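Read through the structure below, which is laid out as structure tokens, and then see the notes.
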Amino acid sequence: MYRVLFAEDELLIRLGLQNSIPWNKYDMDLTAQADNGVRAFELFQEIRPDVVITDIRMEGMDGFELIQRIRELDKECAIIVLSCLDDFETLRKMIPYKIIAYILKASMTMEEIFQVLQKTKEYLEKAGRRALKESKEPQSLEMRLAGYLSGTEQDLEWPMEKEIQEIHVFSLKEEDQDKINSLAMKFVFDLVRRQVPEGIIVQTKDQEFCLLLPGERRISENVCERINHSVEDFLGVRFWIRRRMRQPKESLRELYQRIQKAGEEGAGEWENDQVIQDAVSYVQGHYQENLTLTDISSILGISPSYFSHLFKKKTGKNYVEFVNEIRLKAVMEDLKNSDFKIAVIAEKNGFRNFEYFSRLFKKATGVSPAKWRQQNR
């Protein structure tokens, strides 16, 4: 297969050509893409492609300079220019660099692009440029994860599997599922990767995908809303986003299946119980951090008002009271067993305001933190 590098700063054009061109028909593989000239040249040096498709106007390094640098390294690489510039001076500058074709974006058609690619293939063959033999690549990690989560693959051999502590499931509601196609989904994936570059995207259904987050990484409700806002602006739909944290000894598949059983805010009692269990488990492990009601509801993937109502209903106390009880218990342990200053102990256990902590402690115990320490050592 001939390796192709595509340099284009307009995302929709990249996605459109990426998914509309039958690359195999021309013995080509779209090996790499760049959204600016600097990155394009870095990729060129890394993969040494046989074909470069490039725009002229790009950030960092424009198409003119990119082509000049490419020609210093490779005299035979096929270069195709896509541009909105149609003036004579622009065309004249291209002449010395053996450009295969110059395609105007404003008037280009798929038929024209196919003809240019056929011409490019013939040029490479005449130049004696051999296409790399296609080897059967192993199934990608994302495909294996999709099969594992959906149950078509029984086992998952992946060293990082234990590091995934949270899954976000992005689903389109039934009434929106006929409004976007596979190309639009690829656009959504690109948006998500830009917002959460360390996440792993796994498409589990035609219009559903999971975002897996390794380690302690969390994404806020604001990030999810930015993604949905961008999707709505471009495609006119919004995703329903559900997230859950992994429980001890729970497999990724079990976590995914648990999320699938979840409803929206009208979830059944079993699901509501699980939400509270998730909340309690998370607070017990992270009470030293700044955990507001908005923070924990964002982590759980439900609205703050609904979480507050559900928490009080299930536990008999409000969320802030629960967090403070856990923190106070930890403070008392440290007061008994350490010589650190009281202010240091309070801050270590999640109390950022010392005056608030002192009032809360005295209200709970009847005495000041210093007096309580004297009485319990």
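The values are calculated or read from the model by the stated rules, or taken from the named source; none is laboratory data. If you're wondering where the values come from, they're calculated on a predicted model, not measured in any experiment. All Cβ positions, glycine included, derive from the backbone under ideal geometry; neighbour counts span all protein chains shown. Surface areas here come from the heavy atoms of the whole protein model, side chains and all, with no ligands, DNA or RNA. Shrake-Rupley method; radii C 1.70, N 1.55, O 1.52, S 1.80 Å.
Overview of results
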read-out	value
Charge sum, other residues only, whose C-beta stays under 12 Å from PHE357's C-beta, Lys/Arg counted +1 and Asp/Glu -1	+4
Extension gain (nm, one decimal) between LYS336 and GLN45, 0.36 nm per residue minus Cα-Cα	98.5 nm
Segment 1-130 - accessible surface per residue (Å², probe 1.4 Å)	50
Potential extension, GLU72-MET108 segment - 0.36 nm per residue separation minus Cα distance	10.0 nm
Mean residue ellipticity (222 nm) of the chain, computed from DSSP H runs ≥ 4 via -39,500 (n - 2.57), nearest 500	-15500 deg cm²/dmol
Carbon/sulfur fraction of accessible area - the chain, other protein chains in place, 1.4 Å, %	48
Square roots of five times the Cα gyration tensor eigenvalues for the chain, Å	55, 24, 19
Solvent exposure of segment 140-226 as accessible area per residue, Å², 1.4 Å probe	53
Mean accessible surface per residue for segment 274-362, computed with a 1.4 Å probe while every protein chain stays in place, in Å²	52
Centre separation in Å (Cα based) which lies between segment 140-194 and segment 279-338	30
Full-extension gain in nm, ASP62 to SER182, via 0.36 nm per residue minus C-alpha separation	40.1 nm
Mean Cβ count within 10 Å, highest first, over the residues of peptides 51-58, 110-117	51-58, 110-117
Net +/- balance of residues flanking ALA101 in space, Cβ distance below 10 Å, scoring K and R +1, D and E -1	0
When each of LYS312/LYS362; LYS317/LYS341; LYS105/LYS186; LYS341/LYS371; LYS329/LYS363; LYS75/LYS98 is checked by Cα-Cα distance, pairs over 19 Å	LYS312/LYS362; LYS317/LYS341; LYS105/LYS186
R0 of 41 Å, Cβ-Cβ distance ARG377-GLN247: FRET efficiency to nearest 0.05	0.65
Qualifying aspartates and glutamates (Cα of each under 16 Å from Cα of LYS173; at least 8 residues distant if same chain)	ASP206, GLU208, GLU232, GLU264, GLU265
Aspartates and glutamates with Cα under 14 Å of LYS162, excluding same-chain neighbours fewer than 8 positions away	GLU216, GLU250, GLU254
